Amino acid sequence: MSPDTGNKFTEGEDYSLSRYLKSDTPETNKIKSLQGKEYEYGDYLGTIEYSIARYFYENDRKIKDKDAVAALTDIKNNYDKKISFFNQGLETEIVENLIELLDDEPISHHEFELAIDYVLEIIDNRSWMEDEQAYLKWAAYVMGLFTEKESEEYEKSIKQFAAKIGLSSKHADLMLMKGDEEDYFEFVENYEAEDREELTEEELVSEMEKKFLSMPEDKKVDFLLENGSEFYELVGLYISDLSERGEFDKIQDLYEKLTEKYDDFLYLYVYMGGVYVEKDPALAKSYLEKALETLDRLDELSNSTREMLRANFLNLINRLE
């Protein structure tokens with residue numbers, strides 16, 4: 001029988017967290033990762049992530065992703081010590097909630113460590129974003145802790161960040177887990193990607209890019225004409241691929257078709273400018289000037305993003321003169 005938990009931090013026996021875990025077995029030791037096993041281990045992963053998100057939202061809005069990493073690493077490395085060892089606020093929150101779950105539904109030591117590793121990987125998957133609290137804010141958002149106003153502000157910040165670095169609106173929705181990930185899933189699935197459910201956000205986009213490049217040329221063009229404004233990263237990828245192959249006639253043909261269908265295709269002008277910087281600086285300059293003209297007609301850009309892009313375009317144009 002598991003020991004009565006109570007509040008082991010302040011009263012009663014001071015057991016170690018490892019006391020609430022089962023012994024490893026040959027079967028559990030065969031598990032290398034919880035990727036693809038999220039449903040099976042959802043209670044444990046959810047408890048860890050919710051503990052982190054709630055502590056950030058309700059107790060300390062100043063902590064950073066690195067603090068969550070440090071807390072999880074400390075728990076993983078020291079879970080065989082008495083639970084009073086974990087005297088930091090975030091660590092205490094995670095450990096208390098895990099004990100409550102493990103007291104009723106224990107898992108093995110190895111499975112517990114894999115659960116910690118899984119969450120650490122999720123945090124790392126947000127590290128490329130320009131925010132020291134990228135994971136914390138995302139977790140609080142997807143777990144419904146934010147108020148309606150806070151959620152709207154967070155969604156706006158993600159869409160602005162995506163636009164700033166040239167990511168499409170579909171990618172922004174994927175980052176927000178708003179359900180449009182199915183657009184990516186459907187694309188990857190249609191081109192026979194395996195184990196799509198196990199892909200991380202970055203792996204999913206990378207897989208989509210590989211599948212796109214493996215399509216026949218006519219299918220690529222058809223796809224971009226149908227979806228180019230939503231998946232404009234793929235427009236840039238294809239133009240870059242054509243440039244490396246020296247097929248500038250195809251680039252111009254695609255450009256004409258896309259501009260006939262889409263108005264104010266900002267990133268198309270940027271991609272075209274980049275392609276011709278070395279080959280034809282005057283032509284590159286003309287495309288960048290079109291991008292500059294388009295900026296003020298795009299309502300989805302924030303003023304700060306608009307001015308940042310304007311400065312970048314002007315700098316490139318000046319270098320081409």
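The values are calculated or read from the model by the stated rules, or taken from the named source; none is laboratory data. Being a predicted model, the structure only gives us computed values, none of them experimental. Cβ coordinates were reconstructed from backbone atoms using ideal geometry, including for glycine residues, and neighbour counts include every protein chain displayed. Note: accessible area is taken over every heavy atom of the protein model, side chains too, but ligands, DNA and RNA are not part of it. Shrake-Rupley method; radii C 1.70, N 1.55, O 1.52, S 1.80 Å.
Brief remarks on what is shown
- Taking the stretch 272-310 as the range and being under 29 Å from residue 157 (Cβ atoms), assigned to a helix (DSSP H, G or I) and open to solvent by 60 Å² or more (accessible area, probe 1.4 Å) as the test, the residues that pass are 290, 293, 303, 304, 307.
- Residue match in the stretch 236-255 (condition: under 21 Å from the mean Cα position of the chain (by Cα), in a helix (DSSP H, G or I) and over 30 Å from residue 36 (Cα atoms)): yes
- Considered as a group, the residues in the stretch 36-59 that are under 18 Å from the mean Cα position of the chain (by Cα) and within 12 Å of residue 119 (Cβ to Cβ) include one that is most open to solvent (accessible area, probe 1.4 Å), and that residue is 50.
- When 261, 211, 219 are screened for being open to solvent by 70 Å² or more (accessible area, probe 1.4 Å), of a type outside the set (Gly, Ala, Ser) and either under 26 Å from residue 317 (Cβ atoms) or touching a residue at least 24 places away in the same chain (Cβ under 8 Å) (or both), only 261 passes.
- Flag for residue 141 being free of Cβ contacts under 8 Å to residues at least 40 places away in the same chain, within 22 Å of residue 172 (Cβ to Cβ), touching a helix residue (DSSP H, G or I) at 6+ places or on another chain (Cβ under 7 Å) and open to solvent by 20 Å² or more (accessible area, probe 1.4 Å): yes
- Every pair of residues 6+ apart whose Cβ atoms lie under 7 Å, when the first sits in the stretch 106-126 and is assigned by the TED database to the domain that holds residue 38 and at pLDDT below 95 while the second is open to solvent by less than 20 Å² (accessible area, probe 1.4 Å) and in a strand (DSSP E or B): none
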